[in-house]
1. Can you tell me how many residues in the range B:160-214 are within 25 Å of B:Pro121 (Cα to Cα), in contact with a strand residue (DSSP E or B) (Cβ under 7 Å, 6 or more places away or on another chain) and part of a helix (DSSP H, G or I)?
2. Within the range B:146-162, can one find any residue that is modelled with pLDDT of 90 or more, small (Gly, Ala, Ser) and more than 12 Å from the chain's Cα centre (by Cα)?
3. Let me confirm something: among B:Val74, B:Val30, which residue is crowded, with 18+ Cβ neighbours inside 10 Å, touching a residue at least 24 places away in the same chain (Cβ under 8 Å), within 14 Å of chain A (Cβ to nearest Cβ) and closer than 30 Å to B:Arg122 by Cβ?
4. Assuming B:Thr68 fulfils every condition listed in (1) within 15 Å of A:Leu188 (Cβ to Cβ); (2) within 10 Å of chain A (Cβ to nearest Cβ) apart from one, which condition is it?
5. Show the residue pairs meeting these rules: Cβ distance below 8 Å; 6+ apart or different chains; first residue within the range B:85-96 and more than 7 Å from every other protein chain (Cβ to nearest Cβ) and assigned to a helix (DSSP H, G or I); second residue of a type in the set (Lys, Arg) and surrounded by fewer than 18 Cβ atoms within 10 Å (Cβ to Cβ).
6. Does A:Gly61 fit the bill of being closer than 23 Å to A:Gly206 by Cα, without any contact (Cβ under 8 Å) to a residue 60 or more places away in the chain and part of a loop (DSSP other than H, G, I, E, B)?
7. Please determine whether any residue of the range A:157-172 is more than 14 Å from chain B (Cβ to nearest Cβ), over 19 Å from A:Thr17 (Cα atoms), of a type in the set (A, V, I, L, M) and not in a helix (DSSP H, G or I).
8. Just checking, which of A:Ser175, A:Ser200 is part of a helix (DSSP H, G or I), touching a residue at least 24 places away in the same chain (Cβ under 8 Å) and touching a Cys at 6+ places or on another chain (Cβ under 6 Å)?
Amino acid sequence: MSVFSTIFTQLMNGLQTGSVYALVALGYSMVYGIILLLNFAHGDIIMVGAYTAWLFMVNFGQSPWVAVIAAIAACTVLGVVIEKVAYTPLRKAPRLSLLITAIGISFLLENLAQLIFGAGARPVPTIIDVAPVTIGSVSISGTAIVTIIVSVVSMILLNLLIKKSKMGKAMRAVSEDTGAAQLMGISLNKTITFTFAVGSALAGIGSVLYCAAYPQASPTMGAMLGLKAFVAAVLGGIGSIPGAMIGGFAIGLAEAGASALGLSVWKDAVVFAILIVVLVVKPTGLLGRNLQEKV
Amino acid sequence: MLNIHDINVYYGPIHAIKGVSFDVNEGEIVSLIGANGAGKSTILKTISGLLRTKTGGIDFLGQSLNATAPHKIVHMGVAHIPEGRRIFQRMSVEENLQMGAFTQPNSSIAASLEHVYELFPRLKERRRQIAGTLSGGEQQMLAMSRGLMSKPKLMMLDEPSMGLAPILVQQVFNIIKTLHDAGTTILLVEQNAHMALSIADRAYVMETGKIILTGTGEELANSDEVRKAYLVG
């Protein structure tokens, strides 16, 4: 393979994993933007999505389409249920209690999955069956193309939702000033639930795309993916939606870059090194704003 | 229209409002004046449901607001223009106004916008501008217009003159009069006692969580106690 085709292949790999990170990072950023919670259970929602896809395809013998829809629906419902059961009662509690609860939910989900499905990985059948595309000497996998297109379309739709729809504007208002938003007649509960639903649905899409690339479901699969998406959200500026997208793609490309240089065993270290550098050099991230404490 | 009877509000262990009762009748301008920390803003926040009273109650048009969620209180026709304007800095002027109309049906928003732009041509010129880039006076205009977008029956204004140049203060009070003439009942909280009393039908003077004086705007403006405490200098 020529240098060019190596670069191109790694670029596509980077964009493919990057788009999954971006979808997951969006959920972190949206939730943080609205209730200042680092929802560490978010990564494990992906794991639940993966098991749902596996369950529907292998156990129920359904088509990939049905499995995809079931996985996204399961993630959405789970996200909302977690918010209602675990976070709503703590609305007025210190933020640290919320954070600890989120970590607790994360452990709960991982251990429940292990109890129900066992500790071993379950192979997920092919979800995306698209022939590779060959341009000159380079061949791009169909999965990569579908992954990138699906995530870009999801992000465009999300942007429209937030910019134009009434609920989207309510989300921006709540994230900017919760008290003033309530004085506009915006229901805090509804807006927060909506945010969790949208964030978790994106995680559901992410989980399906992730399983298309790495076709297995395991209890702890969401932990590392979630952490990397979290790094992506911090890199982009947590709370910023375009930031989460840019951060996701940047982390994906950084990993692919490390692999291209023959450092693939180091790629996790590269991601966390980025986190450290961001926290030291620009803690607000690329597009983040300085949080002004309200008096 | 608004009846407040014996409310006691706490911030944790701090007893901020101590047994306050007062009324606002339909069509009135009622002012609450008093020094910093007297509890004026706390009362407004309790009416709009952001804070809760331990005792007594708040009734609006015969319905209790004691346990009503803040967004439902807006639906009932109470607009609260908070202290420090609290406009959405990162949204455009027009988006801020749309948020003000959150409780209104979509079909009526265009007409409300037209109405507000007629009152404040300045906002129309700047409709696409990001609200955080407006001047202080324009931000106050926007905050008041945003409150107006919900078509309130009762409008509560918290320190609308704060931080504004004297000429703008006059303008803000003219706007309040205009809104009042158009049929909106006004509950005004102010440190600028002189202005607040000059437009009020009735007023209440607060000190450390209690109402210590009440009367018509004119009576209070001429009372020795008020003159000594708030109007001299």
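1. The total comes to 4.
2. Checked the range B:146-162: at least one residue is modelled with pLDDT of 90 or more, small (Gly, Ala, Ser) and more than 12 Å from the chain's Cα centre (by Cα).
3. Values: B:Val30 fails: within 14 Å of chain A (Cβ to nearest Cβ).
None of the other options fit; the residue is B:Val74.
4. (2)
5. Qualifying pairs under 8 Å: B:Val93/B:Arg127; B:Val93/B:Arg128; B:Glu94/B:Arg127; B:Glu94/B:Arg128.
6. Values: closer than 23 Å to A:Gly206 by Cα: yes; without any contact (Cβ under 8 Å) to a residue 60 or more places away in the chain: yes; part of a loop (DSSP other than H, G, I, E, B): yes.
Judged against the criteria, A:Gly61 is a match.
7. no
8. Details: A:Ser175 fails: touching a Cys at 6+ places or on another chain (Cβ under 6 Å).
The conditions single out A:Ser200.
The values are calculated or read from the model by the stated rules, or taken from the named source; none is laboratory data. Please read these numbers as outputs of a predicted model, since none were measured by experiment. For neighbour counting, all protein chains shown are included, and Cβ atoms are generated from backbone atoms with ideal geometry for every residue, glycine included.
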